[in-house]
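Everything on this sheet refers to the single structure shown next.
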Amino acid sequence: MRCPFCQSLNVSVADTRSRDDGTVIWRRRLCLSCGGRFSSREKIDFSYLTVVKSDGKKEPLSREKIVQAMIKSVGKKHLSEVKIGTLADEILSEIHKLGKRRIKSAEIGNLILVKLKKVDPVAYIRFASVFKDVRDTKDFKKVLEGLN
């Protein structure tokens, strides 16, 4: 790794720690040329995963889209960004464990539903009403039954 201060490649690792249930490695580094200290993080790269949309289009898996979907569902309720980020990381981990290179967007939606159901029933209902394409009271009743 190149030192951000002097651009030297003469850098050593001073400390290594695991974070976020082992999905992130944090390293404290020391430049042996200028004495500068800096941190780096290593995270699992999920870019090899492809999402297959309902219309057949394919796009790379995006953690940010998962986070944004949950933020919209939570609305103005007080669920911290850290908690939402943790839920997104859990979803990504579950997707990775499936061992598939392609995943349907509906599968991701279902994983989001499961997580939201556990932490915020109102967010679950809001997400489900869009994800399940609720159009009338019968559909909405099914969403509410899924909460029980």
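The values are calculated or read from the model by the stated rules, or taken from the named source; none is laboratory data. Keep in mind the model is a prediction, meaning the values are calculated, not measured. Here Cβ is always computed from backbone atoms with ideal geometry, including for glycine, and neighbour counts include all displayed protein chains.
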Q. Does Ile25 satisfy being surrounded by 15 or more Cβ atoms within 10 Å (Cβ to Cβ) and either of a type in the set (Val, Ile, Thr) or farther than 24 Å from Val82 by Cα (or both)?
A. yes
Q: Pairs only if they're at least six apart or on different chains, beta carbon under 7 angstrom, first in segment 67-94 and in contact (Cβ under 8 Å) with a residue 60 or more places away in the chain, second polar (S, T, N, Q); list them, first residue then second.
A: Asp89/Thr23; Ser93/Thr23
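Filter segment 49-98 down to residues that are among the hydroxyl-bearing types (Ser, Thr, Tyr), within 10 Å of the chain's Cα centre (by Cα) and within 21 Å of Ser129 (Cα to Cα), then give me how many there are.
Qualifying residue count, segment 49-98: 0.
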Q: Please work out if Thr50 is within 30 Å of Met1 (Cα to Cα) and in contact (Cβ under 8 Å) with a residue 60 or more places away in the chain.
A: no
(Q) Yes or no: segment 101-108 includes at least one residue that is buried (at least 17 other Cβ atoms within 10 Å of the Cβ), outside the structural domain of Arg17 (by TED's automatic domain parsing), more than 22 Å from Trp26 (Cα to Cα) and at pLDDT below 90. (A) no
Q. Of all the residues that make up segment 18-43, how many are touching a Lys or Arg at 6+ places or on another chain (Cβ under 6 Å) and among the β-branched types (Val, Ile, Thr)?
A. 1
**Q.** Residue pairs meeting the criteria (Cβ under 7 Å; at least 6 apart or on separate chains; first in contact (Cβ under 8 Å) with a residue 60 or more places away in the chain, in segment 109-127; second polar (S, T, N, Q))
**A.** none
Q.
Can you go through Leu79, Leu113 and tell me which one is assigned to a loop (DSSP other than H, G, I, E, B) and surrounded by 13 or more Cβ atoms within 10 Å (Cβ to Cβ)?
A. Leu79
Q: Confirm whether Arg135 is touching a residue at least 24 places away in the same chain (Cβ under 8 Å), more than 18 Å from the chain's Cα centre (by Cα) and either more than 21 Å from Glu64 (Cα to Cα) or not in a loop (DSSP other than H, G, I, E, B) (or both).
A: no
